[in-house]
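Working notes, structure below.
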Amino acid sequence: MKIHVCAATLAVVTAGLLALTPPAARKPAKLTKVWETDTTLRTPESVLYDEGTDVLYVANIDGKADELDGNGFISRVSLDGKITNLRWTSGLNAPKGMGVYKNRLYVTDVYRLVAINTATGQVEKTWDAPDSKNAFLNDVTVAKDGTVYVSDSRFDKIYRLKNDKWEIWMEGEQLNKPNGVLAVGKDRLMIGSTKIGALRSVDVGTKIMTTIADGMAATDGIVPEGKGNYFVSDWNGQVFHVNADGTKEQLLDTRTDKINSADIEYVSRRKLLVVPTFFKNNLVAYRYE
């Protein structure tokens, strides 16, 4: 009987000590380079994965970011880094952000939003900004119900295309030069405010804006990692992992090599983070570990 009592006491003491032991520190995340494309891309600003076609679309500016020169084009790239169709859609000006919904690829093109048929690569429809001379449309995101949101990073506006109605949905200096946008469900919009280097959340119903994380310089792309976490790029050459609680971790820094990190994409089933390098004219893909 005495032996049983001692064993029970020991078990209680051991359990107490385990409870006091701090959990093992989380292993720092890292990016490991997997592949990079050749350099036939031309000022790639944005990359987007389309699950329906299982390809990466790349928006190539091929010139100045606000030039109406007709040199811009969209490329298709495989998930192993092969450029399968360099000029899948051409005749654009300076295409940037993209979003896909069903069989339509939405692309910003300086002063307009362009819809491209993903089966044919042909432009189906365009929507011009009301004041086309004072517009710099940048990123695109599509909510689950098909609502399209578009940022204007020069003139502090967010446009919305809903039920074929194209309108200025939100505007003002409080947006602080919105660049990256990401629809989360039907009721939340994530915005990367470039002017203040912050990731912010907007309630679609009330338009109340909350800062999630800051200190990320010139925020560009925003993509979900899962469980409320995000990857956020800084155009200057950084990529951050931002947790749901607002804490962040720098995963990539290529600033000393003068390699930009523009509007990124994350293919979750492959844990593949794809970075357009802008002036270096290629994509670089990393495994997130």
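Odds and ends about this structure:
- Residues of segment 247-289 that are of a type outside the set (S, T, N, Q), assigned to a strand (DSSP E or B) and without any contact (Cβ under 8 Å) to a residue 24 or more places away in the chain: Asp253 alone.
- Qualifying positions in segment 185-197 - farther than 17 Å from Ser261 by Cβ and in a loop (DSSP other than H, G, I, E, B): Gly185, Lys186, Asp187, Lys195, Ile196
- Within segment 171-187, the set of residues being at pLDDT 95 or above and either among the small types (Gly, Ala, Ser) or in contact with a Leu (Cβ under 9 Å, 6 or more places away or on another chain) (or both) comprises Gly172, Gly180, Val181, Leu182, Ala183.
- Restricted to segment 174-204, and to residues there that are out of contact with any strand residue (DSSP E or B) (no Cβ under 8 Å at 6 or more places or on another chain) and either within 13 Å of Asp152 (Cβ to Cβ) or not hydrophobic (A, V, I, L, M, F, W, C) (or both), the residue that is surrounded by the most Cβ atoms within 10 Å (Cβ to Cβ) is Lys195.
- Within the set Arg112, Arg87, the sole residue that is farther than 16 Å from Val58 by Cα, out of contact with any Cys (no Cβ under 9 Å at 6 or more places or on another chain) and not acidic (Asp, Glu) turns out to be Arg112.
Here's the yes/no breakdown for (1) over 21 Å from Asp54 (Cα atoms); (2) not charged (D, E, K, R):
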| position | (1), (2) |
| --- | --- |
| Asn93 | yes, yes |
| Arg104 | no, no |
| Trp127 | yes, yes |
| Phe136 | yes, yes |
| Thr147 | yes, yes |
| Ser151 | yes, yes |
| Asp156 | yes, no |
| Leu161 | yes, yes |
| Glu173 | yes, no |
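- Matching residues in segment 131-141 - criterion: being under 28 Å from Asn103 (Cβ atoms) and loosely packed, with under 13 Cβ neighbours inside 10 Å: Ser132
- Verdict on Gly99 being part of a strand (DSSP E or B), surrounded by 17 or more Cβ atoms within 10 Å (Cβ to Cβ) and either among the basic types (Lys, Arg) or in contact (Cβ under 8 Å) with a residue 12 or more places away in the chain (or both): yes
- Subset tally (residues that are under 22 Å from Lys33 (Cα atoms) and either outside any loop (DSSP other than H, G, I, E, B) or modelled with pLDDT under 95 (or both)) for segment 61-88: 5
- For Val107, the criteria (1) surrounded by 17 or more Cβ atoms within 10 Å (Cβ to Cβ); (2) more than 20 Å from Ala183 (Cα to Cα); (3) among the hydrophobic types (A, V, I, L, M, F, W, C) hold in every case but one, which is (2).
- Qualifying residues in segment 116-141 (those that are of a type outside the set (S, T, N, Q) and free of Cβ contacts under 8 Å to residues at least 12 places away in the same chain) - the one farthest from Thr89 (Cα to Cα): Asp131
- Elements of the type strands (runs of 3 or more DSSP E) sitting completely within segment 124-184 and holding at least 1 residues that are over 17 Å from the mean Cα position of the chain (by Cα): these cover 157-162, 165-171.
- The residue list Thr126, Thr84, Thr89, Thr120 contains one member that is surrounded by 18 or more Cβ atoms within 10 Å (Cβ to Cβ) and either touching a His at 6+ places or on another chain (Cβ under 7 Å) or among the polar types (S, T, N, Q) (or both), which is Thr89.
- Residues located in segment 209-246, provided they are of a type in the set (A, V, I, L, M), over 15 Å from Val184 (Cα atoms) and part of a loop (DSSP other than H, G, I, E, B): Met216, Ala217, Ala218
- Residues being of a type in the set (A, V, I, L, M, F, W, C) and out of contact with any Ser or Thr (no Cβ under 7 Å at 6 or more places or on another chain) - total across segment 132-156: 5
- Enumeration of residues in segment 45-77 that are among the β-branched types (Val, Ile, Thr) and surrounded by 15 or more Cβ atoms within 10 Å (Cβ to Cβ): Val47, Val55, Val58, Ile61, Ile74, Val77
- Note on segment 255-276: residues that are under 21 Å from Ser193 (Cα atoms) and polar (S, T, N, Q) total 2.
The values are calculated or read from the model by the stated rules, or taken from the named source; none is laboratory data. Keep in mind it's a predicted model, so treat the numbers as computed, not measured. Every residue, glycine as well, gets a Cβ built from its backbone with ideal geometry; the counts of neighbours run over all protein chains shown.
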